[in-house]
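One structure below.
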Amino acid sequence: MSAAKASVTEQDLQAYVDGWLAPPRQAAVERYLSEQPDDAARIGDYRIQGEALRAAMLDSGLGAGPAAVPERLLRAARGGAAADRGGWWVRAVAAALLLAVGLGGGWTLRGLVPGPVGGQIAGESAEAELPRLAAAAHRVYAAEARHPVEVRAEEAHLMVWLSKRVGRPLGAPNLDRFGFRLMGGRLLPTASAAAAQLMYEDEGGRRISVYVEAVPQGSKTEFRFVDENGLGAFYWLDGQSGFALVGPLQRSELLDLAKAVYQQIEM
Amino acid sequence: MSDFSRRLQEEIPALRRYARFLARDADWADDLVQDSLERAIAKRRLWHKPESLRPWLFALLRNVHLNQVRRQARRPAEVPLDQMFPQAGRSEGQTNTVMVGQIMAALDSLEAEQREILVLVAVEGLHYKEVAMVLGLPMGTVMSRLSRGRERLRRTLAGESPTTTATLRRIK
C-alpha cells in the first residue's frame, strides 16, 4: 500500500482520467485508488465532469456530421477558396497593369530594376527576383520626402486593402521596439502579381520597408541576405508569399528586424 | 479530392467547436475556421504526417485568433459559453443531465488558462504534449493547470465558492 501511494503522482491520476496510462501503470493507479477513497471520489468526479463537457460540446449541433458544415468551409478544405482568391488577385493585378499602361506606364517597376523583371514568379525565380524588386521599390519610394506612402498608417483600411490586393491576410508588423514607426503602405505592380510595401521610419529619418508578394507555387525558405548596391535585404518565402525587409542598415540590425517581421506578419 | 483535404474536412467540426470557444461569436468563429483551413492548405508541406492533424490545425487557428485580437481587428465577444453551445437536440435520458445543463456555466467561471486546457484535453482528446504545443507552454505547466482546473470545476459544481478552492493535493 505505502509503495503504491508513494509511486502514484497527481500526473498519474490525471492521465488515468484521460486514459493515457499504459496498462501496468493503470493497474497500479487502480490499486492505489482502491485504498484511497478520497482520491477515488475526486477522480470519479473528474470523469463525470469530462462526460458532461463532452455531452455539452460534442452534441451541440457542431459535431453532427458534414451536412451541418457550411459549404464555404468545405470548399476551403478542398483548397477552393485559395484558388478563387488567386484568380481574383491575378485579375486585379492585370487591371492594375492596364491602368499603369494607360497612365503612361510611369509607375511600373520595369526599367528600374537591373535584369529581367518579367516571367512567372514561382519557385527559384521568385526567390531571385524578390529582393531585387523589393530593393528597387525601396529606392524609389524611400527617397520620397512628401509621398513615401500611398495610404498612411493612420487610415484604418490600410491593411485590409493591402491584404485584399496581395491575396493574403497581412498584419502590419510593429517595429516600435527597434525605433521604427509605420508610416503607411502602397500597392505595387509586379510582372505577374501584386506586391505590398510597408514603409517605416525611425527618429533619425532612416527608412526601411517590408515587401510582400503573392507567390503562386511557393515553398518555404530560410532567411537570405543580399546587398543590393548598398541597400541590405533579408528575404524569404513562406508558402504562398514572399517577403523582404529592405533598408540601409547593418546586416545584424536588419536581421533582428527581419526576425520580428517574420514573427508578426503571420496572422 | 486529396487525402489532405479529406482529413481537413473531417476536422471541421472540431475546428468549429474550438473557434466558437475562443471567439464566442458563431460567424466570427466560422471566419476563423475558413482562414485556418486556407492557411492549412497553403502550408500543408509543413505538416509532417506522423504528427496528428488536429493539434497542428488548432495551433494555426489559435494563432489567427490571437493576431486578430492583438491587432484589435476583433474583440472577443462576451457571450456566455452555454449560449455558444446550446442544449438544443440533446437526447433524453443522458447520464447526469442536470450537470450537462450546468457544466458550461461552471466552465465559464474558471480562469481562461485552465478552461482552455480542460476543453482541449477532456473534449477534444488532445494529449498533454499536444496541448503544450498548441498553447506554447511547457508540459508541466499544462499538467498543473489541468489539475487545478479540474479541481476548481469540481468544487464549483459542488456549490462551493470558487475562491476557497486551494488544491487539495500537492502536485508532485
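Approximating the spin labels as points 7 Å out from Cα along Cα→Cβ, the A:V151-to-B:E113 distance works out to 3.8 nm.
Only residues of the range A:26-45 count here: report those whose backbone N is under 19 Å from the spot 7 Å along Cα→Cβ of B:A158, or say none. Under cut-off, by backbone N: A:33-45. Each of A:R25 and A:A128 was given a label point 7 Å from its Cα along the Cα-to-Cβ line. The distance between the two points is 5.4 nm.
To the nearest whole number, what is the average tally of beta carbon atoms from other chains within 10 Å of the beta carbons of peptide B:117-124? Don't jump to the answer; show the numbers that get you there.
Working: counts 0, 4, 2, 0, 6, 11, 8, 3.
Per residue, the number of nearby Cβ atoms from other chains is 4 on average.
Taking a ≥ b ≥ c as the square roots of the eigenvalues of the Cα gyration tensor of the range A:2-58, is the shape rounded (a/c under 1.5), prolate (a/b larger than b/c) or oblate? List each step's numbers first, then the result.
Values: a/c = 2.99, a/b = 1.82, b/c = 1.64.
Taking the square roots of the gyration eigenvalues as a ≥ b ≥ c, the range A:2-58 is prolate.
Over the range B:3-70, what relative contact order in percent results from Cα pairs under 8 Å that are six or more residues apart? Intermediate results must be reported in sequence, preceding the final value.
Numbers: 41 pairs, mean separation 24.7, N = 68.
Result for the range B:3-70 is 36 percent.
Between A:E203 and A:E71, the contour length at 0.36 nm per residue exceeds the alpha carbon distance by 42.5 nm. At a Cα cut-off below 20 Å, give the aspartates and glutamates reachable from A:K259, other chains included and same-chain residues fewer than 8 away excluded. Filter leaves A:E127, A:D176, A:E201, A:D202, A:E213, A:E222, A:D227, A:E228, A:D238.
Label separation (A:V160 vs A:R177): 2.9 nm, computed from points 7 Å beyond Cα along the C-beta direction.
Computed from the coordinates by the stated procedures, all read-outs in this text should not be read as laboratory data. Small disclaimer: the values here were computed from a predicted structure and weren't measured. Reconstructed Cβ throughout: ideal geometry from the backbone, glycine too, with neighbour counts over all protein chains shown.
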